[in-house]
Amino acid sequence: MNCSISGEVPEEPVVSTKSGLLFEKRLIERHISDFGKCPITQEPLTMDEIVHIRTGKIVKPRPVQAASIPGMLGMFQIEWDGLMLSNFALEQQLHTARQELSHALYQHDAACRVIARLKKERDEARELLSQADRQLPTSAATEATISGTTLSNGKRAAEDEDMASAKRMRPGISSDIIKELTDCNAILSQQRKKRQMPPTLAPIEALERYTQLNSYPLHKTNKPGILSLDIHHTKDLIATGGADANAVVFDRSSGEILSTLNGHSKRVTSVKFVTEGDFVVTGSADKTVRIWQGSENGIYDCRRTLKDHTAEVQAVTIHATNNYFVTASLDNTWCFYELASGLCLAQVADTSESEGYTSAAFHPDGLILGTGTSGGLVKIWDVKSQTNVARFDGHVGSVTAVSFSENGYFLATAAQDGVKLWDLRKLRNFRNFSPYDENIPTQAVEFDHSGSYLAMGGSDIRVYQVASVKSEWNLIKTFPDLSGTGKATCLKFGPDAKYIAVGSMDRNLRIFGLPEEDGPSES
């Protein structure tokens, strides 16, 4: 007896009282619940008209294929073939899924890159917009009529170019700022007239006995080289700028690094302390200038990034008011900035020259700016009018350093051919130093804060006693370059010339002084 639906022997047989047909209970129950009629006669049918049949245990007969060994092997073969086909289909689906996933991941990565680029462009556009908003002039700038003359090696020559046409659109240096600079100049000039040699200044006998006290590895080993340094005389801090694109603020008294200034993408060419406000200003070969501010824990954070130059920034110099600073660049311009806002008030270009600026320094009184060019020319500028008032030539190669003496009328410049001293009163060169071979440039020159000593660095470090124009400038001490590179790149006198800090093309800052003043040592 077989089920009228499946044609197989039912496990739980039931019979219809209407038609007398035999069904499998689970099959007829499902059909009645779905359709409510007999699947064979199509007459209405309910479960009440189904009668259960009691039977003994039913043993299903084996299929014909399972009745013999060859038939069973054939069944197994069919099952195996089906399994293999199913496995092949699954592998194809897996391969397709992997390809789709790889494509989706690639699209996701490309989308992330596009989003990052758009965010960067958005941020740059916002920064440019904010700079443009800051640099919009608040009032119409008054044009200054340039009727002065320039001085070339002390001889006056006619001014052939209009400097104002070379300037970018800037707010200009206002009359209030000029008054602030003039008042500062008057105070400092009056103090200079009453200036006396400080009793705590290191005497010549002490400098003759100076030796290396300490050597501190401050920068990375993969790109060694200290390119610039500055000293905060009040706090006895030393800031260095390195070829590793970092600047370091170092506490000489404790021998510890206070802060590493990360942010520039290329070498830091110039670093300067602002003595008031705990600021550090850095210039870099990445064409930017950064203003850093120190916190109570000694860490310096970047407050502003200035992008007004189009080539490497080679020099930074701070005005005596500590409210303004100037940057000089290889793009043949120098910029006058307000420190508090980071606003470029004036950008000055000399259209008569194509060489970029490689060094710059303020006169101690703050109304004169000295710049050196890559063509060996030294230019003196009037800061108030931003006009070039004097030019000194005669150097060979780039002017690597410019330093004004505290007495106000000596200027020292360094280049490939050595050091030249200029008398600003008569606008002439009165002394030359050629300490090294013609293939070895003089990288640094610096007067001490009192104007009593002059130091220069190249393949070694030499210290001279400052004398008058006609008197001989005696060599006090020669320090060998202990870096092994043969190239001292920067140097500064400490307070009262009690020590000399030297940076070289290795990563070490070296301190020279009297042995009894030795502090914490690194080597």
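Quick notes on this one:
- Cα centroid of the range 464-488 to Cα centroid of the range 231-254, whole Å: 23
- Area accessible to solvent at Phe410, 1.4 Å probe radius, in Å²: 10
- Using θ = phi - 60° in the Karplus curve 6.51 cos²θ - 1.76 cosθ + 1.60, the 3J(HN,Hα) couplings for the range 450-466 round to 8, x, 8, 10, 10, 10, 9, x, x, 7, 8, 10, 10, 10, 10, 8, 6 Hz; x is entered for Gly and Pro.
- Extension gain for Ile257-Lys120 works out to 46.1 nm (0.36 nm per residue, less the C-alpha to C-alpha distance).
- Here the mean projected area of the convex hull built on the C-alpha positions of the chain is 48.8 nm².
- Potential lengthening of the chain between Cys112 and Gln293 amounts to 61.8 nm, from the contour at 0.36 nm per residue minus the alpha-carbon distance.
- Between the range 364-438 and the range 1-54, the C-alpha centres lie 116 angstrom from each other.
- Pairwise Cα inverse-distance average, inverted: Kirkwood Rh of the range 1-112 (Å): 18.8
- The range 1-31 residues near the modelled Arg54 label - backbone nitrogen below 17 Å, point 7 Å along Cα→Cβ: 12-15
- Partners for Lys18 among aspartates and glutamates (Cα-Cα distance below 17 Å; same-chain residues under 8 apart left out): Glu29, Glu43, Asp48, Glu49
- With 0.36 nm allotted per residue and the present C-alpha distance subtracted, the Met197-Ser174 stretch has 4.6 nm of extension available.
- Across the range 287-303, the residues whose backbone nitrogen lies under 17 Å from the label position 7 Å along the beta-carbon direction of Ala311 are 287-289.
- When each of the peptides 239-249, 396-406 is scored by the mean number of other C-beta atoms lying within 10 Å of its residues, the order from highest to lowest reads 239-249, 396-406.
- Helix 175-193 vs. the chain, principal-axis angle (Cα, 0 to 90°, nearest 10): 50
- Helix axis angle, 25-35 relative to the chain longest principal axis, alpha carbon, degrees: 70
- The long axis of helix 69-135 is offset from the longest Cα principal axis of the chain by roughly 30 degrees.
- Calculated FRET efficiency, Lys266 to Trp473, Cβ-Cβ distance, R0 = 30 Å: about 0.20 to the nearest 0.05.
- In this structure, Glu100 and Met47 have a Cβ-Cβ separation that, at R0 = 41 Å, corresponds to a calculated FRET efficiency of about 0.25.
- At q = 0.17 Å⁻¹, base-10 log of I(q)/I(0) for the range 243-297 (Debye sum, equal scatterers on each alpha carbon): -0.53
- Dividing the alpha-carbon radius of gyration of the range 397-522 by the rule-of-thumb value 2.2 N^0.38 Å gives 1.04.
- The distance between label points at Asp81 and Asp393 comes to 10.0 nm (points 7 Å beyond Cα on the Cα→Cβ vector).
- Spin-label pair Ala67/Thr234, simplified geometry with 7 Å Cα→Cβ offset, distance in nm: 11.4
- The share of alpha-carbon pairs in the range 270-353 lying farther apart than 15 Å comes to 53%.
- Given R0 = 22 Å, the distance between the Cβ atoms of Asp34 and Val9 translates into a calculated FRET efficiency of 0.40.
- If you take the alpha carbon atoms of the range 73-128 and fit the smallest convex hull around them, that volume is 33 Å³ per residue.
The values are calculated or read from the model by the stated rules, or taken from the named source; none is laboratory data. Source: prediction; values computed, not measured. No Cβ is skipped: glycine too gets one built from the backbone with ideal geometry, and neighbour counts run over all protein chains shown. Heads up: the accessible areas ignore ligands, DNA and RNA and are worked out on the full protein's heavy atoms, side chains in. Shrake-Rupley method; radii C 1.70, N 1.55, O 1.52, S 1.80 Å.
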